Amino acid sequence: MKPFMDENFLLPNGASERLYHEYAKDMPIFDYHSHLPIGQVLEDVNFDNLTQVWLYGDHYKWRAMRACGVSEDLASGIPKAAGDYARFEAWASVVPQTVGNPLYHWSHLELKRYFGVEELLTPKNARKIYDHCSEKLRTPDFSVRSIIRRGNVSVICTTDDPTDNLKEHIALAGENWGCRVYPAWRPDKALAVNNAKFLNAWIGKLEVASGKSVSTYENFLAALQARHDFFHQCGCRLSDYGIERPYAIPYTASEVEAAFRKLRDGTSLVGGELERCRSAILHDLLCMDARADWTQQLHFGAKRDNNTKAFGLRGPDTGYDAIGQFEIGLTLVTLLDRLESEGLLARTIVYTLNPNDHDMIASILGSFMDGKTPGKMQIGAAWWYNDHKDGMNRQLSALANIGLISRFVGMLTDSRSFLSYPRHEYFRRLLCAKLGADMENGELPSDFSLIGGVVRDVCFNNATNYFGMELPK
């Protein structure tokens, strides 16, 4: 029986072991999609204890704790936060029950890689592990930037609203500390035309940020373009859209203008009017990305805020979202085809939360390669509820069977935690396991220069070339 999580964890044979240890392990990380709080990077903060870096904001853990009967004040800390150690102690009681869930692997990888903890976390050793890790976290060697450097992270892209002033990014851009941090444009709120009250409040912020008055749809686009230009000046080369599905039904300019005036008058849109307005806004935003030579990311398939009672108490992003089942294929083709016909289809990464859509999306994207940009149309890394061994293998299989695994831009964290970088290690081990197994079976040549080169490209080189962002000096 193999030891748990030894140096050859997830590596089933000699070829995969060699691919990982000689080609993947030491490659830098290009984390092109994260939700890390940029202010903590700028301030280079130290966390006071393990709960703060591990449980604050991590709805993956909150869901597991709820499933084990842990009360909300110990899980999310909402509405009444318990003490930090009490919350950690509750999590320690849950970890042994997460066997089979990726959280069991993530938690022990993070303890091992960052803190040298070889023991399995249980209620019996919770206090010892908590004190050991918390003591380290309070030292300069475990400040936020030190943690990032310890993870060999070269580039981080955050997730930023168009109204953000990006002051932290601007300040960080002038510092040379071993990692480049870039903003990424996330204009989801511009598409909230189903909620006039929310949208109009956000447009007020957009007016202030852009210095432009917004009364018409044309004004709205001008204000968004001004912010898009500002993001570009601040180094942004990447957009991201977190939407249920593609919006791509026909519309006319007069229909959109009339719908937008209704919104500004306080009337939320429904039905066909809602779909037409969203289709117009998404199209026009994607055109901005193409004109600026950005890469655009489309995240499809999340059914959000399912528990209305919990949403009312705790708000969004607290662990009440799920995999949705939406019509993706037809509208995705319509959207991409229109952009391609207009000469405005940017480099595109499409993520799906529903694993049943992987093969379909991979085949659609292959229809829009341009013969100029290697890997221009990408099926995104295993995302959220796919972010585990089976999900990563399914995504890699779809990519290899229908596209080109050699052009893949690799893994990301999609995380709010500075300790999440072992997810890249996890992915790299699975990548090497897949390719190594094919080498051992004679399905790939025993040419480590060839296959190892593919591994290095997927781990880092492809992302560097694809996104075109400057690396740290």
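What follows is calculated from the coordinates using simple rules that are stated; it is not laboratory data. All of these numbers come straight from a predicted model, not from anything done at the bench. A quick note on method: Cβ atoms are made from the backbone with ideal geometry, for glycine too, and the neighbour counts reach across all protein chains shown.
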Q. Which angle from 0 to 90°, rounded to the nearest 10, does the C-alpha axis of helix 329-341 make with the longest principal axis of the chain?
A. 60 degrees
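Using the count of nearby Cβ atoms within 10 Å as a rough guide to exposure, how do 314, 237 rank from fewest to most? Show your work: numbers first, answer last.
On the way: 314 19, 237 22.
Listed from fewest to most nearby Cβ atoms, that is 314, 237.
Please find the FRET efficiency linking residue 334 to residue 4, where r is the Cβ-Cβ separation and R0 is fixed at 56 Å, and quote it to the nearest 0.05.
Details: r = 49 Å, r/R0 = 0.87.
Efficiency at R0 = 56 Å is approximately 0.70.
For the stretch 5-105, rounded, prolate or oblate, judged on the Cα gyration tensor with a ≥ b ≥ c (square roots of eigenvalues), a/c < 1.5 rounded, else prolate if a/b > b/c? Spell out each step's value before the answer.
Working: a/c = 2.85, a/b = 1.50, b/c = 1.90.
The shape class here is oblate.
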Q.
Could you compute Rg(Cα) / (2.2 N^0.38 Å) for the stretch 1-62, with N its residue count?
A. 1.63
Q | Radius of gyration and maximum dimension Dmax of the chain, Cα, Å | A | 22.7, 69
Q: Sort 1, 27, 369, 439 so that the residue with the fewest other Cβ atoms within 10 Å of its own Cβ comes first and the one with the most comes last.
A: 1, 369, 27, 439
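So what's Rg/Rh here for the stretch 152-296, counting alpha carbon atoms and using the Kirkwood radius for Rh?
Details: Rg = 16.1 Å, Rh = 15.9 Å.
The Rg/Rh ratio comes out at 1.01.
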Q.
Can you tell me which aspartates and glutamates have their Cα less than 17 Å from the Cα of residue 124? Leave out same-chain residues fewer than eight positions away.
A. 89
Q | Principal-axis tilt of helix 217-233 within the chain, Cα atoms, nearest 10 degrees | A | 40 degrees
Q) In a Debye calculation with equal point scatterers on the alpha-carbon sites of the stretch 127-170 and no solvent, what is log10 I(q)/I(0) at q = 0.21 Å⁻¹? A) -0.81
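Highest mean first, how do 199-206, 442-449, 465-472, 408-415 rank when packing is the count of other Cβ atoms within 10 Å averaged over residues?
Numbers: 199-206: 17.1, 442-449: 11.1, 465-472: 15.2, 408-415: 23.9.
Highest mean packing first, the order is 408-415, 199-206, 465-472, 442-449.
Output the peptides 241-252, 14-25 sorted from most to least packed, where packing is the average of other Cβ atoms within 10 Å over each peptide's residues. Walk me through the numbers on the way to the answer.
Numbers: 241-252: 17.2, 14-25: 19.8.
The peptides rank, most packed first, as 14-25, 241-252.
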Q | In Hz, Karplus ³J(HN,Hα) per residue of the stretch 121-128 (6.51, -1.76, 1.60; θ = phi - 60°; x = Gly, Pro) | A | 6, 9, x, 5, 10, 4, 4, 4
Q) Relative contact order for the chain using alpha-carbon pairs under 8 Å, separation at least 6, rounded to a whole percent? A) 22 percent
Q. What share of the DSSP beta bridges in the chain is antiparallel, in percent to the nearest 5?
A. 10 percent
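Just rank 179, 432, fewest to most, by other beta-carbon atoms within 10 angstrom. Don't skip to the answer; put the middle values down first.
Working: 179 22, 432 30.
Listed from fewest to most nearby Cβ atoms, that is 179, 432.
Using a/c under 1.5 as the rounded threshold, could you call the stretch 48-141 rounded, prolate or oblate? The axes a ≥ b ≥ c are square roots of the C-alpha gyration tensor eigenvalues, and prolate needs a/b larger than b/c, oblate otherwise. Write down the numbers at each step before the final one.
On the way: a/c = 1.75, a/b = 1.22, b/c = 1.44.
Oblate, since a/c reaches 1.5 and b/c is not below a/b.
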**Q.** Debye log10 I(q)/I(0) at q = 0.13 Å⁻¹ for the stretch 274-393, Cα point scatterers
**A.** -0.60
